[in-house]
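Novice: Input: one structure, supplied below.
Values quoted throughout were computed directly from the atomic coordinates according to the rules given, and no laboratory measurement underlies them. Just so you know, these numbers come straight off a predicted model, no measurement behind them. Cβ placement follows ideal geometry from the backbone for every residue including glycine, while neighbour counts extend to all protein chains displayed.
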Amino acid sequence: MIPVSFDYVEATSVEHALALFAEHDDSKFLAGGHSLVPMMKLRLVSSSVLIDIGRITELSYIEDRGDHIAVGALTRHREVEGSSLLAEHLGLLAHVAGQVGDPQVRNRGTLGGSLVHGDPAADLPSAALALGASMVITGAGGTRVVPAAEFFVNFLETAVGDGELLTEIRFPKRTGDGWAYQKFNRRAMDYAIVAVAVQLGQNPGIALVNMGSTPHFASAASAALAAGSPASAVADVVVEGTEAWNDANATREYREHLARVLTIRALAQTGYTS
Amino acid sequence: MSLIGARVLRKEDPNLITGRGQFVDDITPAGTVVMAFVMSTEPHSRIVNIHSADALALPGVLAVWTAADIAELSTLGLPGLGRPLLATDVVRFVGEPVAVVVAETKYIAADAAQLVIVDYESMPAAPSITTALADGAPVLHSVLGGNTVFDQPFVDDLAADFAAAPHTASLHLVNNRCAAVPIEPNACLADWGPSGLTLWATFQAPHHLRNTVAAYFGIPQDTTRVITPDVGGGFGAKINFVPEYFLACALSRKLARPVKYTQTRSECQVLMYHGRAQEQDVDVAYDDDARLLALRVRVTQDQGAYPDPTGMGLPVLTTAMAAGCYKIPKVAISWRNVVTNTTPVAAYRGAGRPEASYLIERIVDLVADQSGIDPVEVRRRNFIPTDEFPYATHSPLAVYDSGNFAGAMTELLTLFDYDALKAEQARRRNTRDEKLIGIGFSSWLEIAAFGPPGSLEGFGHLGSWESVQIRVQPDGSAIIYTGASPHGQGTVTTFAQIAAGELGIPFDKISVRHGDTATVPQGIGTMGSRATAVGGEGVRTASVRVVERAKVIAAHILEADPADIVLEGDGFAVNGTPSHSVPWSEVAWKSFRPLEIPTDSEPGSLDITVFQQVPNFSFPSGAYCCTVEIDRGTGEIEITGMYLVDDCGTVINPLLAEGQVHGGVAQGIAQALYEGISYDENGLPQNSTLMDYLIPAATELPSYTDGRVNTPTPNNGLGAKGIGESGSVGAPPAVVNAVVDALSHLGVQHLDMPITPLAVWNVLEEAK
């Protein structure tokens, strides 16, 4: 629980952060630190320099942009959880942010940090996938936008490249549409053993937590939902394309079962009828 | 005025909740350096080579020691099977210290430890009882020939009784290996200078440590001082000797610097002694009315890689307490200790008794299941009657002092509507997907108040008494020094409560000091639910003697006969004439002034030391009920009720007694449903962080409903039996019985702890 020694520099703006990254070899960005720091303390990750982007206030915001809401990457989970704007238009996102860890974690952790970490067991990537979010990535060459469905590339790897920052996440408004998040875990503070995020409406989406090496968009189930299939039919195809693993908490078979059960429960919670 | 039974707030808390507590790691004398271990990553390997040059070359590193550097330091534990301070030639569990590094800071120490490279030659490992006892199993200690350390066979295995019995029931039970997980991991600070050795340690028995360290290094006790400052929990895992204490001392002597060691959580998970890790084969014979005729228990205790004296004692306690609350005509016991390539095992909250209550309460439920007789009724038919105390069991260790097992059960059934719950359970079973209900009972009993002569000496303690010294100060306040060494129990509060009533000195003017061998006369420590029943009784005894002497002085001042003096108001008065009085402050002041006390008295007489003994153990008991609901879709188990009737005899402070029970029950629920150190087939630990070793938090635990019966122990004047371990003894069988009950209509008769949603789901799937 003692990390390898490292240097620390503080970035004051996105440009500054990118410049610092170019300047320092073997550096990493530090946001809320709630994924990176524990891994460093276990010596699973080390880095010569941490570039603290957590104090870049220009990346902490929740803005109404007409057809979508833009959330700055450094917005804390607690702010997402408590936002009345999000509660009105993106209830799923606000709710899921409130399911991350415990209040201490939610006061430090950031939306961008959680998404960039790309942990298949994390809550927020599933909300981004189910909601069809767009990720704004800024690098030395400028800005590009990547759809959530293409963002999670591999285990703990996203479309954000070296020397780039996820700066903003854009969520199409889902005002008045049903949603649900069913999370199964042993303890309230834990990562999900399995969770299911459901968003109804014009582009319905179902996303799964901890069902493989990346956060998973359940395309077959989402298509079934769009087609108005019965809940049981949606659940039947929800694990298509997943590669859940066995661990001390669950076997693959049990995870797949949970995904189906939680899908049915989530749909029931939204009042979904075929 | 007596404060016994009063809900007094803890004296300890203002310091702790304002961050002013002082733990070992808070103490840093000038020049302190830090030590860190290089720990084995292998379960069972020969050490071929240790490369420490790179670590030694790191700036800020003072020393890197391996076994070769400390050849003169002896091993710990059992003779012939000793645990070396640093692995010598062979490592026997993952986490075993192989080398120790000392550096100027903990960061350098951690870096240096990582630079030490150990070449291993792997050998087959035996990381479980089954693999250690298998034919051709790898042998951990060649001196043993196999892996069995000690085997106590049955004197009579009751084969004839079982053959003749109308019915029998049998279970093979596994008491899962648990980590104590005190909030403060192990820590020590050794400062060996010209005037002697001072060792700060997070430990439950400071004098025991002082005596042992002095003997280990061959130095006198008068210049060897052990200080246990605030201690953040111990749960029994801090009563055993570990290499770090002795290495820190040796390194401090060598380097002439204070040497500090503070364990990280991940280190603590593999290096601090584990608990439980016991398997049991249990058989009972019973008649058509579910009356128990005979009990046979064979215990196999996993000792981990190196047997510890406390660990060796675990199956002794389990088998002594195996018959629980029941009158069973014939009981046969047998046990063996087995070494495995795992972290050593020793005491953990309850130490052998949770295992005992688990086996008897599980098998009684199985009798109920097989006979079709309600589990409450089966218990009632077999309880030891209230008029049969003291009750001699099959074991000379266990002569039950007092109890009211049927009364506790009656009280328990007033806390909830059992019949209504059973009806609802039946209704739900007939629905397709409503949650299943389970109701589990535990009529438990444990052995506490480790205090009778001989009870602790076998574990290397100087005695089994506890010391209490009361020193009345010149202003009439009092300081109590005690060898009891609390680490979260609230002893500072309860001892002051006991003394306040006996001395007639206000609670706020009584301080309790502990945890320093330089100031406390002698002492044993806090373990085995003994602090109140032995040390607390010592406070009562010493207080009575102080008052006797104070009365002599008061009588002199009041010109009366000491026999006529009584405690009255804020001091003493002549019996019958309360106005003829003298305050404590005046008696205390004059007790130090030779001209103002009787000529045959000596100044400073209000200073009494007692070494309190008790004639027998006490046997706290109780009746618990756990109710659960099981989600048929996910297998999730939710505890919906936890009803707790305790009998700890006299309660000194209900607030603290409830806290002890609730905390113990939380640990019991944890063992039943969440916790369990596991190793893979190669001997690699699978859950060495709190990410994967699941400790339930407030969000997972139910509200508790408390009840109480009170049968005071005759063994001490207070009537207090001890309560520190009750919850962890009583809860696991209640929880497991509830889950098994919920699934019993599917033919389930047993599930091993920890019962996970996955295990429940597997049962539900099989039943489909």
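Novice: B:F154 to B:I17: FRET efficiency via 1/(1 + (r/R0)^6), r the Cβ-Cβ distance, R0 35 Å, to the nearest 0.05? Kindly include the intermediate steps, with their values, before the conclusion.
Specialist: Working: r = 53 Å, r/R0 = 1.51.
Given R0 = 35 Å and the Cβ-Cβ separation, E is 0.10.
Novice: In addition: Net charge near B:A205, counting Lys/Arg +1 and Asp/Glu -1 over other residues with Cβ under 12 Å of its Cβ? Please list the in-between numbers first.
Specialist: Working: positive: B:R210, B:K238, B:R530; negative: B:E466.
Local charge sum for B:A205: +2.
Novice: Principal axis lengths of the stretch B:397-509 from Cα atoms, whole Å, largest first?
Specialist: 74, 38, 27
Novice: Related question: I need the shape label for the stretch A:7-52. Rule: rounded when a/c is under 1.5, else prolate if a/b > b/c, else oblate, with a, b, c from the alpha carbon gyration tensor.
Specialist: The shape class here is oblate.
Novice: While we're here: Percent antiparallel among DSSP beta bridges with both residues in the stretch B:614-768, to the nearest 5?
Specialist: Roughly 70 percent of the DSSP beta bridges within the stretch B:614-768 come out antiparallel.
Novice: Moving on. With an 8 Å Cα cut-off and a minimum separation of 6 or more residues, compute the relative contact order for chain A in percent.
Specialist: Result for chain A is 15 percent.
Novice: Okay, moving on. Starting from 0.36 nm per residue, how many nanometres of slack lie between B:T699 and B:N49 once their C-alpha separation is accounted for?
Specialist: Once the chain is fully extended between B:T699 and B:N49, it gains 229.2 nm.
Novice: Continuing with this model, one more query. What is the order of B:K590, B:K238, fewest Cβ neighbours within 10 Å to most?
Specialist: Sorted ascending by nearby Cβ count, the order is B:K590, B:K238.
Novice: Can you bin chain B into rounded, prolate or oblate? Criterion: square roots of the alpha carbon gyration tensor eigenvalues sorted a ≥ b ≥ c, rounded for a/c under 1.5, prolate for a/b above b/c, oblate for the rest.
Specialist: On the way: a/c = 1.91, a/b = 1.11, b/c = 1.72.
Since a/c reaches 1.5 but b/c is at least a/b, the shape of chain B is classed as oblate.
Novice: Run down the lysines and flag those whose C-alpha is under 22 Å from the C-alpha of B:K509, throwing out any fewer than 8 positions away in its chain.
Specialist: Once the sequence-local lysines are set aside, what remains near B:K509 is B:K11, B:K551, B:K590.
Novice: Sort out for me the Cα centre separation of the stretch B:157-199 from the stretch A:112-170, rounded to whole Å.
Specialist: 49 Å
Novice: Sticking with this structure for a sec: Using θ = phi - 60° and the Karplus form 6.51 cos²θ - 1.76 cosθ + 1.60, what ³J(HN,Hα) does each residue of the stretch B:671-677 get, whole Hz, x for Gly and Pro?
Specialist: 5, 6, 10, 10, 8, x, 6
Novice: Given R₀ = 56 Å, what would the calculated FRET efficiency be for B:T32 paired with B:K768, taking r from the Cβ atoms and rounding to 0.05? Can you show the working numbers first?
Specialist: On the way: r = 63 Å, r/R0 = 1.12.
In this case the efficiency is close to 0.35.
Novice: Residues with beta-carbon under 11 Å from that of B:D475, excluding B:D475: net charge, scoring Lys, Arg +1 and Asp, Glu -1? Walk me through the numbers on the way to the answer.
Specialist: Details: positive: B:K509; negative: B:E586.
Its environment carries a net charge of 0.
Novice: Among rounded, prolate and oblate, which fits the stretch B:321-449 when a ≥ b ≥ c are the square roots of the eigenvalues of its C-alpha gyration tensor, a/c under 1.5 means rounded, and a/b larger than b/c means prolate?
Specialist: Oblate, because a/c is 1.5 or more while a/b does not exceed b/c.
Novice: While we're looking at this one, here's another question. For the stretch A:57-172, list log₁₀ I(q)/I(0) at each q in 0.16, 0.19, 0.20 Å⁻¹, using the Debye formula over Cα point scatterers of equal strength and ignoring solvent, two decimals each.
Specialist: Log10 of I(q)/I(0), two decimals: -0.66, -0.95, -1.06.
Novice: Ok, one more. For the stretch B:266-316 and the stretch B:558-582, write down the distance between their C-alpha centroids in whole Å.
Specialist: Centre-to-centre distance over Cα atoms comes out at 57 Å.
Novice: Sticking with this one: Sort B:T627, B:T410, A:T273 so the one with the fewest other Cβ atoms within 10 Å of its own Cβ comes first.
Specialist: A:T273, B:T410, B:T627
Novice: Then there is this: Which links in A:K183/B:K435; A:K41/A:K183; B:K238/B:K260; A:K183/B:K768; B:K435/B:K768 stretch past 21 Å when you go from one Cα to the other?
Specialist: A:K41/A:K183; A:K183/B:K768
Novice: Separate question: To the nearest whole number, what is the average tally of beta carbon atoms from other chains within 10 Å of the beta carbons of peptide A:3-13?
Specialist: Numbers: counts 3, 4, 5, 0, 0, 0, 0, 0, 0, 0, 0.
Shielding by partners across A:3-13 averages 1.
Novice: What FRET efficiency, computed as 1/(1 + (r/R0)^6) with R0 = 60 Å and r the Cβ-Cβ distance, is obtained for B:E72 and A:S84, rounded to the nearest 0.05?
Specialist: Details: r = 71 Å, r/R0 = 1.18.
Efficiency, from the Cβ-Cβ distance: 0.25.
Novice: Still on this structure, please answer the following. Averaged over peptide A:247-259, how many Cβ atoms belonging to another chain are found within 10 Å of each residue's Cβ? Please list the in-between numbers first.
Specialist: Values: counts 2, 9, 5, 4, 3, 0, 4, 8, 1, 0, 5, 7, 0.
Partner-chain Cβ atoms within 10 Å, mean over residues of A:247-259: 4.
Novice: So what's the net charge close to A:A231: Lys and Arg +1, Asp and Glu -1, counting the other residues with Cβ under 15 Å from its Cβ?
Specialist: That sum, taken over residues with Cβ under 15 Å, equals 0.
Novice: Using the Cα centre as the reference, give the magnitude of the dipole from point charges on the C-beta atoms of the stretch B:465-612 (Lys, Arg: +1; Asp, Glu: -1; all else neutral), rounded to the nearest 20 debye.
Specialist: In total the dipole reaches around 460 debye.
Novice: Partner chain Cβ atoms within 10 Å, averaged over the residues of B:693-701 - can you pull that number for me?
Specialist: 3
Novice: Cα-based Rg of the stretch B:465-612 per 2.2 N^0.38 Å, rounded to two decimals?
Specialist: Details: Rg = 15.5 Å, N = 148, 2.2 N^0.38 = 14.7 Å.
For the stretch B:465-612, the normalised Cα radius of gyration is 1.05.
Novice: If you average the alpha carbon positions of the stretch B:699-768 and of the stretch B:338-373, how far apart do those two centres end up, in angstrom?
Specialist: That distance is 11 Å.
Novice: What is the order of B:K721, A:K28, fewest Cβ neighbours within 10 Å to most?
Specialist: Working: B:K721 32, A:K28 16.
Starting with the residue having the fewest Cβ neighbours, the order is A:K28, B:K721.
Novice: If you wrap chain A's Cα atoms in a convex hull and average its projection over all directions, what's the area in nm²?
Specialist: 13.7 nm²
Novice: Which one, B:F162, B:Q280, B:I227, projects farthest toward the positive side of the charge dipole computed for the stretch B:153-305 from Cβ point charges (K/R +1, D/E -1)?
Specialist: Among B:F162, B:Q280, B:I227, the one farthest towards the positive end of the dipole of the stretch B:153-305 is B:I227.
Novice: Once every Cα of the protein assembly as shown carries one equal point scatterer and solvent is ignored, give the base-10 log of I(q)/I(0) from the Debye formula at q = 0.05, 0.09 Å⁻¹, two decimals.
Specialist: Evaluating at q = 0.05, 0.09 Å⁻¹ gives log10 I(q)/I(0) of -0.37, -1.14.
Novice: Tell me the label-point distance for the pair A:T273, B:E638, using the 7 Å Cα-to-Cβ offset, in nm and rounded to one decimal.
Specialist: Distance between label points: 2.7 nm.
Novice: Right, another one. Divide by every residue of chain B the summed helix terms, -39500 (n - 2.57) for each DSSP H run of at least 4, and state the resulting mean residue ellipticity at 222 nm, rounded to the nearest 500 deg cm²/dmol.
Specialist: Calculated at 222 nm, the ellipticity per residue is -8000 deg cm²/dmol.
Novice: For the stretch B:644-749, just the Cα atoms, rotate onto the principal axes and tell me the three extents in Å, largest first.
Specialist: Taking the Cα atoms of the stretch B:644-749, the three principal extents are 53, 37, 28 Å.
Novice: Using the C-alpha atoms of the stretch B:479-519, what convex hull volume per residue, in cubic angstrom, is computed?
Specialist: Normalising the Cα hull of the stretch B:479-519 by residue number yields 61 Å³.
Novice: Given the Cα atoms of the stretch B:271-351, and with Rh set as the inverse mean 1/r over their pairs in the Kirkwood sense, what is Rg to Rh to two decimals?
Specialist: Dividing the radius of gyration by the Kirkwood radius yields 1.08.
Novice: Given Cα pairs under 8 Å that are at least 6 residues apart, what percent is the relative contact order of chain B?
Specialist: So the answer I get is 15 percent.
Novice: Also, I was wondering about something else. Which residues does a label at A:S219 reach in the stretch A:240-274, if reach means a backbone N under 18 Å from a point 7 Å past the Cα toward the Cβ?
Specialist: Within reach of a label on A:S219, which here means backbone N under 18 Å from a point 7 Å along Cα→Cβ, the stretch A:240-274 contributes A:240-244.
Novice: OK, next. Using θ = phi - 60° and the Karplus curve 6.51 cos²θ - 1.76 cosθ + 1.60, what whole-Hz ³J(HN,Hα) does each residue of the stretch A:68-79 get, with Gly and Pro shown as x?
Specialist: These are the phi-based 3J(HN,Hα) values: 9, 10, 9, 10, x, 4, 9, 6, 5, 4, 5, 6 Hz.
Novice: Using amide H atoms built in the peptide plane, which far-off residues or other-chain residues are under 5 Å from B:N175 H to H?
Specialist: The list, which skips near neighbours in sequence, is B:Q278, B:E279, B:Q280.
Novice: Over the alpha carbons of the stretch A:179-270, what is the largest minus smallest coordinate on each principal axis, giving the biggest first in Å?
Specialist: 37, 25, 20
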